[in-house]
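Here is the structure we will look at.
Nothing in this text is a laboratory measurement; each read-out follows from the coordinates by a stated rule. These numbers were taken from a predicted model, which means no experiment stands behind them. Here Cβ is always computed from backbone atoms with ideal geometry, including for glycine, and neighbour counts include all displayed protein chains.
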């Protein structure tokens, strides 16, 4: 049997940080909405999720800190997009499975 080597420690730490950031159901639903919507802003997101605006803002802040989403100012609103390719692919898989509300 070949000797198995563990994955790169730094790479594992990076993915663990990303997975921890998206590990909350509201954050996963946010990411699905961001991926599906055209130019989603905070008010669109909290209305769709039926959550208070401060709750959505807190979750978005966690996703921004983890460098998973980015916000761009367009006229009078801040629009969100998924910048991390690993998370973008994961969310696309979730959406493709048809299991998302």
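A few notes on this one:
- Nearest-ten-degree value, helix 85-96 long axis tilted from longest Cα axis of the chain: 70 degrees
- When the convex hull of its Cα atoms is viewed from all sides, segment 18-65 shows a mean projected area of 3.0 nm².
- Three-way shape label, segment 40-101, alpha-carbon gyration tensor, a/c 1.5: oblate
- By average C-beta atoms within 10 angstrom, highest first, the peptides 50-58, 28-36, 78-86, 5-13: 28-36, 78-86, 50-58, 5-13
- Entry note, the chain: relative contact order of 28 percent, from Cα contacts under 8 Å with a spacing of 6+ residues.
- Computed extension length for residue 78-residue 64: 3.8 nm, one decimal, from 0.36 nm per residue of separation with the Cα-Cα distance subtracted.
- Each residue in 73, 38, 22 was given a count of other beta-carbon atoms within 10 angstrom of its own, and listing them fewest first yields 38, 73, 22.
- Its DSSP H runs of at least 4 residues, each contributing -39,500 (n - 2.57), put the calculated 222 nm mean residue ellipticity of the chain at -17500 deg cm²/dmol, to the nearest 500.
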